[in-house]
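J.: Quick one: the structure is below, and I'll ask about it shortly.
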Amino acid sequence: QLDEENYRIKLNTGIELILRALDNIDILIVDLPTVSEEYVSGLKQQVKLLVNIDDNTTNLKFCSDILIRPNINEKVNHLYSGSTRYLSGRGYIILRKQFEALTFVSRQYFFL
C-alpha cells in the first residue's frame, strides 16, 4: 500500500514485503536514501546481520551491526549503538571497477 503523501511504502508493509521475499536471510544490506529508526530496528530484529549504507543521515540512531558511510565529508557524524561497527571515509566509497584506476587530484583553487 502506498501512503497518500510522497508515495512512500508504509513502514510495516515495507518490512513485511522484504522479509517475505527474503525468508531466512542471514545478511541484509540496506542502502536507502531515507530510513527511520523504527524501520532499521524492525529489520534488525529479523536478520542475523544488518548492514546499513548511509551517506549523511545524522538525525537517527542506527542499531545495525555494520554502518558504512562511504563519504569523504568529515562533517557528517552518525549516531549508532555501541555494538555497531562503524566504517567511514574514503576507504569505504563504493565504486564500479571502471573507476578503480582513477587517482585523486588535489586542487588548490576552485573558480565558479
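J.: One residue is enough: does the range 71-84 have a residue meeting the conditions more than 30 Å from residue 105 (Cα to Cα), surrounded by 14 or more Cβ atoms within 10 Å (Cβ to Cβ), at pLDDT 80 or above and in contact with a Leu (Cβ under 8 Å, 6 or more places away or on another chain)?
T.: Yes, the range 71-84 contains at least one residue that is more than 30 Å from residue 105 (Cα to Cα), surrounded by 14 or more Cβ atoms within 10 Å (Cβ to Cβ), at pLDDT 80 or above and in contact with a Leu (Cβ under 8 Å, 6 or more places away or on another chain).
J.: Looking at the range 34-49 only, could you name the residues that are closer than 10 Å to residue 18 by Cβ and of a type in the set (A, V, I, L, M, F, W, C)?
T.: 43, 47
J.: Then there's this: Taking the options 93, 53, name whichever one is of a type in the set (Val, Ile, Thr) and either at pLDDT 85 or above or farther than 22 Å from residue 28 by Cβ (or both).
T.: Only one candidate passes the filter, namely 53.
J.: Looking at the range 20-37, which of the residues that are in a loop (DSSP other than H, G, I, E, B) and more than 22 Å from residue 88 (Cα to Cα) is modelled with the highest pLDDT?
T.: Looking at residues that are in a loop (DSSP other than H, G, I, E, B) and more than 22 Å from residue 88 (Cα to Cα), I get 26.
The values are calculated or read from the model by the stated rules, or taken from the named source; none is laboratory data. Computed from a predicted model, the values in this text were never measured in an experiment. Backbone-built Cβ (ideal geometry, glycine too); neighbour counts: all protein chains shown.
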